[in-house]
């Protein structure tokens, strides 16, 4: 069991050992129309003309040029982010890279990319700084995670998943050598925390993705998650649930562990034993429920500064490079 000195008013391991965590999976019963719901959302997103517009270069490093980008997503909203393109030659691999709750201000630590000669789109999903800001959509995670939660059809998390699908469409339009039918490898998906949970919800229905890597993914096993105190967005959902327990019917459609039972693409999950923000049982539930080939990287802690963090980050970066090289390399 991971042990760190901390001042949280709860135990971020929630008393679980690794053996305990490896036995936790998806909730027992998914909605009968779970897959139909998500396939319908996906089909709607694929109909969107994303009309991507690439801005001038903003940075050049680690073998890529980084540009600003804007594109259209479901509902006609215009979102932004960044695109990384090889600084020489054409792209041989493509990635969609999600972000944590709080958004992103730049391409940041997501570059260098997992494989050389790659292109990637790094979108800001709706409501998130700095290029996903939308009137009426909260930017703070505790409010964002509740936006539209009254109905599965209005919940912002569903639209954020669609934003990732539209980002993939935009990348294919901007980098046509990666588009389906060209012989290029399928896309890879990377996401951490919020982006990890969104990826688990997005990838199963999109055959443009060939592999995924999810780090400390959120939204796993909501029935269990609602019982576990945390410092992240889950605490806002727990508070909402105490007053409106009927929200569980909506949350059933947005469970990353349930979605993982349909996720057949090879997936590397980095899950933490100690995490104050995203309870570890939910993270491991996503990995344990995966329908396809899976790899597990066990982290001592997530969302927490500790002495071994730099070494674990380097180890995960190496594992990611190997994982995508084996699944998407050519």
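The values are calculated or read from the model by the stated rules, or taken from the named source; none is laboratory data. Everything numeric here is computed off the predicted structure, so don't read it as measured data. Quick reminder, even Gly has a Cβ in these numbers, built from the backbone with ideal geometry, and neighbours come from all protein chains shown.
Output the qualifying pairs, or none if there are none: Cβ atoms under 7 angstrom, residues six or more apart or on different chains, first residue in the range 118-144 and free of Cβ contacts under 8 Å to residues at least 12 places away in the same chain and on the phi < 0 side of the Ramachandran plot, second residue outside any loop (DSSP other than H, G, I, E, B) and surrounded by 15 or more Cβ atoms within 10 Å (Cβ to Cβ).
Correct list of pairs: 138/144.
Being outside any loop (DSSP other than H, G, I, E, B), at pLDDT 95 or above and within 15 Å of the chain's Cα centre (by Cα): is that true of residue 96 here? Reasoning before the result, please.
Details: outside any loop (DSSP other than H, G, I, E, B): yes; at pLDDT 95 or above: yes; within 15 Å of the chain's Cα centre (by Cα): yes.
In short, yes.
Yes or no: residue 210 under 16 Å from residue 262 (Cα atoms), surrounded by fewer than 24 Cβ atoms within 10 Å (Cβ to Cβ) and touching a helix residue (DSSP H, G or I) at 6+ places or on another chain (Cβ under 7 Å)? Walk me through it before giving the result.
On the way: under 16 Å from residue 262 (Cα atoms): yes; surrounded by fewer than 24 Cβ atoms within 10 Å (Cβ to Cβ): yes; touching a helix residue (DSSP H, G or I) at 6+ places or on another chain (Cβ under 7 Å): yes.
Yes: the conditions hold for residue 210.
Name the single residue, out of those in the range 162-183 being over 18 Å from the mean Cα position of the chain (by Cα) and part of a helix (DSSP H, G or I), that is surrounded by the most Cβ atoms within 10 Å (Cβ to Cβ). Don't jump to the end; show me each part of the working.
First pass over the range 162-183, keeping only residues over 18 Å from the mean Cα position of the chain (by Cα): 172-183.
Filter once more, so that each one left must be part of a helix (DSSP H, G or I): 172-174, 176-178.
On the way: 172: 22, 173: 15, 174: 22, 176: 11, 177: 13, 178: 24.
Filtering the range 162-183 for residues that are over 18 Å from the mean Cα position of the chain (by Cα) and part of a helix (DSSP H, G or I), the one surrounded by the most Cβ atoms within 10 Å (Cβ to Cβ) comes out as 178.
So residue 227 fits all but one of (1) in contact (Cβ under 8 Å) with a residue 60 or more places away in the chain; (2) part of a loop (DSSP other than H, G, I, E, B); (3) touching a helix residue (DSSP H, G or I) at 6+ places or on another chain (Cβ under 9 Å); what number is the exception?
Against the list (1) in contact (Cβ under 8 Å) with a residue 60 or more places away in the chain; (2) part of a loop (DSSP other than H, G, I, E, B); (3) touching a helix residue (DSSP H, G or I) at 6+ places or on another chain (Cβ under 9 Å), residue 227 comes up short only on (1).
Kindly indicate whether residue 257 is farther than 22 Å from residue 93 by Cβ and surrounded by 23 or more Cβ atoms within 10 Å (Cβ to Cβ). Explain how you work it out, then say what you get.
Working: farther than 22 Å from residue 93 by Cβ: yes; surrounded by 23 or more Cβ atoms within 10 Å (Cβ to Cβ): yes.
So residue 257 passes the test.
Of all residues being touching a strand residue (DSSP E or B) at 6+ places or on another chain (Cβ under 7 Å), part of a loop (DSSP other than H, G, I, E, B) and touching a residue at least 60 places away in the same chain (Cβ under 8 Å) in the range 1-50, which is farthest from residue 307 (Cα to Cα)? Just the residue, please.
So the first thing to find is which residues in the range 1-50 are touching a strand residue (DSSP E or B) at 6+ places or on another chain (Cβ under 7 Å), and the list is 18, 48-50.
Next, from what is left, pick out any that are part of a loop (DSSP other than H, G, I, E, B): 48-50.
Still in the running and touching a residue at least 60 places away in the same chain (Cβ under 8 Å): 48, 50.
On the way: 48: 46, 50: 43 Å.
The residue in question is 48.
Considering only residues that are under 15 Å from residue 251 (Cβ atoms) and in contact with a strand residue (DSSP E or B) (Cβ under 9 Å, 6 or more places away or on another chain), which ones fall in the range 199-219? Break it down into steps so the answer makes sense when it comes.
If we filter the range 199-219 for residues that are under 15 Å from residue 251 (Cβ atoms), which is where we start, we get 200-201, 218-219.
200 - this is the single residue of the range 199-219 that is under 15 Å from residue 251 (Cβ atoms) and in contact with a strand residue (DSSP E or B) (Cβ under 9 Å, 6 or more places away or on another chain).
So is residue 80 modelled with pLDDT of 95 or more, on the phi > 0 side of the Ramachandran plot and in contact with a strand residue (DSSP E or B) (Cβ under 7 Å, 6 or more places away or on another chain) or not? So that I can check it myself, show each step before the final result.
On the way: modelled with pLDDT of 95 or more: yes; on the phi > 0 side of the Ramachandran plot: no; in contact with a strand residue (DSSP E or B) (Cβ under 7 Å, 6 or more places away or on another chain): yes.
No: the conditions fail for residue 80.
Of the residues 269, 278, 247, 286, which is within 16 Å of residue 25 (Cα to Cα) and part of a helix (DSSP H, G or I)?
On the way: 269 fails: part of a helix (DSSP H, G or I); 278 fails: part of a helix (DSSP H, G or I); 247 fails: within 16 Å of residue 25 (Cα to Cα).
Going through 269, 278, 247, 286 in turn, the sole match is 286.
Here is a list: 156, 111, 137. Which entry is modelled with pLDDT of 95 or more and in contact with a strand residue (DSSP E or B) (Cβ under 8 Å, 6 or more places away or on another chain)? Spell out how you get there, then give the answer.
Values: 156 fails: in contact with a strand residue (DSSP E or B) (Cβ under 8 Å, 6 or more places away or on another chain); 137 fails: in contact with a strand residue (DSSP E or B) (Cβ under 8 Å, 6 or more places away or on another chain).
Result of the check over 156, 111, 137: 111.
Table: residues versus (1) surrounded by 22 or more Cβ atoms within 10 Å (Cβ to Cβ); (2) more than 16 Å from residue 277 (Cβ to Cβ).
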position: 189; (1), (2): yes, yes
position: 199; (1), (2): yes, yes
position: 226; (1), (2): no, no
position: 230; (1), (2): yes, no
position: 250; (1), (2): no, yes
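Quick check: is even one residue across the range 153-161 more than 17 Å from the chain's Cα centre (by Cα) and either closer than 13 Å to residue 101 by Cβ or surrounded by fewer than 24 Cβ atoms within 10 Å (Cβ to Cβ) (or both)?
Taking the range 153-161 first, the residues more than 17 Å from the chain's Cα centre (by Cα) are 153-154.
Filter once more, keeping what is either closer than 13 Å to residue 101 by Cβ or surrounded by fewer than 24 Cβ atoms within 10 Å (Cβ to Cβ) (or both): 153-154.
Looking through the range 153-161, at least one residue is more than 17 Å from the chain's Cα centre (by Cα) and either closer than 13 Å to residue 101 by Cβ or surrounded by fewer than 24 Cβ atoms within 10 Å (Cβ to Cβ) (or both).
Which one is nearest to residue 120 (Cα to Cα), of the residues in the range 57-80 that are free of Cβ contacts under 8 Å to residues at least 12 places away in the same chain and part of a strand (DSSP E or B)? Quick ask: steps written out before the conclusion?
Step one: filter the range 57-80 for residues free of Cβ contacts under 8 Å to residues at least 12 places away in the same chain, giving 57, 76, 78.
Retained after the next criterion (residues that are part of a strand (DSSP E or B)): 57, 78.
Values: 57: 14, 78: 19 Å.
So, considering only residues that are free of Cβ contacts under 8 Å to residues at least 12 places away in the same chain and part of a strand (DSSP E or B), the one nearest to residue 120 (Cα to Cα) is 57.
If you scan the range 49-73, which residues turn out to be crowded, with 19+ Cβ neighbours inside 10 Å and either under 20 Å from the mean Cα position of the chain (by Cα) or within 23 Å of residue 154 (Cα to Cα) (or both)?
50, 69, 71, 73
As an exercise: evaluate residue 296 against (1) within 16 Å of residue 16 (Cβ to Cβ); (2) outside any loop (DSSP other than H, G, I, E, B); (3) without any contact (Cβ under 8 Å) to a residue 60 or more places away in the chain; (4) out of contact with any strand residue (DSSP E or B) (no Cβ under 8 Å at 6 or more places or on another chain) and give the number of the one condition it does not meet.
(4)
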